[in-house]
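Asks: The following block contains the structure, expressed as structure tokens.
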Amino acid sequence: MKETLKVFITGASSGLGAALARHYGAQGARLGLAGRRLEGLQATAAGLDARLYQADVRDAEAMQAAAEAFVDAVGAPDIVIAAAGISVGTLTEAVDDAPVFRAVMDANVLGLVHTFQPFIAPMQAAGGVLCGISSVAGVRGLPGGGAYSASKAAASVYLEALRLELKARGIAVVTVAPGYIDTPMTRVNPYPMPFRMAAADAAAQVARCIARRRPYAVIPWQMAWTAKVLKWLPIPVYDALFEKAPRKPRGLPT
């Protein structure tokens with residue numbers, strides 16, 4: 001008899017995190033769903049076997065408490081997915097954007113640490129998967145998106161280091177770098193978004209990467225090839241192509 005999966009997901013009040021919750025919930029998984037907005041978590045959890053934890057991934061103590069509560073109630077998770085994050089335009093010259101830079105880095109980088117750290121010890125006995133959601137935006141720096149690009153580049157490198165640290169302990173670390181996903185986070189973008197995925201499709205692709213324990217994957221496949229090209233473009237060519245690229249609106253999302 002197949003054992004029921006235990007899955008803990010951050011950023012589950014909307015977007016990709018919510019889609020991942022519905023994907024695993026449809027398989028009968030026992031879920032721990034964390035997010036800042038309780039009403040969003042409740043909407044995501046409707047009809048699912050889920051425990052809700054209103055917590056911000058920037059708050060290490062809140063995430064520790066959520067992890068302990070989930071382990072006490074359900075047991076060590078088989079899968080932990082860090083899907084919470086902030087995507088917003090920033091400008092270094094703007095004094096008002098200094099706290100925005102901090103918020104983005106805290107959520108997108110330290111949020112991974114705060115999410116995974118409490119689960120590592122409980123998961124060691126049976127192993128499992130820690131999955132961090134990075135972004136193709138971390139492949140090269142995007143004008144007007146310095147905080148986001150930097151945070152996702154840092155996230156990918158952090159996850160690579162964590163993968164090596166935990167390999168001998170039987171805990172896999174999976175990095176998934178999506179392109180554009182149709183969520184509230186991207187609907188404000190005032191520019192074309194090639195290869196944009198529906199959130200449910202993106203969640204299914206992330207779940208496949210987790211099931212296969214892929215160390216690193218860019219989704220969808222079209223964006224994976226685009227990312228490879230962008231990574232190796234000479235600096236003068238990249239600069240010429242992207243210097244005047246459209247920029248994401250500034251201002252922290254509520």
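Asks: Just checking, how many residues over the range 145-161 are buried (at least 19 other Cβ atoms within 10 Å of the Cβ), more than 13 Å from PRO215 (Cα to Cα) and either touching a Lys or Arg at 6+ places or on another chain (Cβ under 6 Å) or in contact (Cβ under 8 Å) with a residue 24 or more places away in the chain (or both)?
Replies: 7
Table: residues versus (1) farther than 30 Å from PRO143 by Cβ; (2) of a type in the set (A, V, I, L, M); (3) surrounded by fewer than 17 Cβ atoms within 10 Å (Cβ to Cβ).
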residue	(1), (2), (3)
GLU68	yes, no, yes
VAL71	yes, yes, no
GLY75	yes, no, yes
ALA84	no, yes, no
GLY89	no, no, no
ASP96	no, no, yes
PRO99	no, no, yes
ARG102	no, no, yes
ASN108	no, no, no
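Asks: Do we have any residue at all in the range 117-125 that's in contact (Cβ under 8 Å) with a residue 12 or more places away in the chain, of a type in the set (Phe, Trp, Tyr), surrounded by 14 or more Cβ atoms within 10 Å (Cβ to Cβ) and within 30 Å of PRO234 (Cβ to Cβ)?
Replies: Looking for residues that are in contact (Cβ under 8 Å) with a residue 12 or more places away in the chain, of a type in the set (Phe, Trp, Tyr), surrounded by 14 or more Cβ atoms within 10 Å (Cβ to Cβ) and within 30 Å of PRO234 (Cβ to Cβ), one finds none in the range 117-125, hence no.
Asks: Let me ask you something else. Cβ contacts < 6 Å: first residue under 19 Å from CYS209 (Cα atoms), restricted to the range 224-235; second residue part of a helix (DSSP H, G or I) and among the aliphatic types (A, V, I, L, M), any location; separation 6+ or different chain. Result?
Replies: Qualifying pairs under 6 Å: ALA227/VAL136.
Asks: From the list ALA126, ALA137, ALA107, exactly one residue is at pLDDT below 95, closer than 24 Å to SER13 by Cα and not hydroxyl-bearing (Ser, Thr, Tyr). Which is it?
Replies: When all the criteria are applied, what remains is ALA137.
Asks: Within the range 1-89, which strands (runs of 3 or more DSSP E) (wholly inside it) include 1 or more residues that are in contact with a helix residue (DSSP H, G or I) (Cβ under 7 Å, 6 or more places away or on another chain) and among the basic types (Lys, Arg)?
Replies: Output list reads 6-10, 30-35, 50-54.
Asks: Can you give me the number of residues within the range 4-21 that are in contact (Cβ under 8 Å) with a residue 60 or more places away in the chain and surrounded by fewer than 19 Cβ atoms within 10 Å (Cβ to Cβ)?
Replies: 1
Asks: Any residue at all in the range 142-157 that is at pLDDT 95 or above, closer than 25 Å to ALA26 by Cβ and either in a loop (DSSP other than H, G, I, E, B) or aliphatic (A, V, I, L, M) (or both)?
Replies: no
Asks: Tell me the residue from ALA125, ALA121, ALA107 that is within 18 Å of GLY146 (Cβ to Cβ) and hydrophobic (A, V, I, L, M, F, W, C), please.
Replies: ALA107
Asks: For residues that are under 21 Å from the mean Cα position of the chain (by Cα) and in a loop (DSSP other than H, G, I, E, B), scanning just the range 212-246, find the one that is modelled with the lowest pLDDT.
Replies: Step by step, filter the range 212-246, then rank; the result is PRO220.
Asks: Failed condition for GLU93, given (1) assigned to a loop (DSSP other than H, G, I, E, B); (2) within 17 Å of the chain's Cα centre (by Cα); (3) farther than 24 Å from GLN117 by Cα, with all others met?
Replies: Of the numbered conditions (1) assigned to a loop (DSSP other than H, G, I, E, B); (2) within 17 Å of the chain's Cα centre (by Cα); (3) farther than 24 Å from GLN117 by Cα, the odd one out for GLU93 is (2).
Asks: For the range 174-202, name all the residues that are exposed (fewer than 13 other Cβ atoms within 10 Å of the Cβ) and assigned to a strand (DSSP E or B).
Replies: ALA198
Asks: Residues to consider are ARG208, ARG213; find the one that is of a type in the set (Lys, Arg), closer than 21 Å to ALA12 by Cβ and surrounded by fewer than 19 Cβ atoms within 10 Å (Cβ to Cβ).
Replies: One residue alone meets the criteria, ARG208.
Asks: Exactly one of these conditions fails for THR175: (1) of a type outside the set (Phe, Trp, Tyr); (2) touching a Phe, Trp or Tyr at 6+ places or on another chain (Cβ under 9 Å); (3) closer than 23 Å to GLY25 by Cα; (4) modelled with pLDDT under 95. Give me its number.
Replies: Of everything listed in (1) of a type outside the set (Phe, Trp, Tyr); (2) touching a Phe, Trp or Tyr at 6+ places or on another chain (Cβ under 9 Å); (3) closer than 23 Å to GLY25 by Cα; (4) modelled with pLDDT under 95, THR175 misses just condition (4).
Asks: Shifting gears a bit: Would you tally the residues in the range 36-54 being at positive phi and buried (at least 18 other Cβ atoms within 10 Å of the Cβ)?
Replies: Going through the range 36-54 one residue at a time, the tally reaches 0.
The values are calculated or read from the model by the stated rules, or taken from the named source; none is laboratory data. Only a predicted model underlies this, so the values are computations on that prediction, with no experimental measurement involved. Don't worry about glycine lacking a Cβ; one is built from the backbone with ideal geometry, like all the others, and counts go over all protein chains shown.
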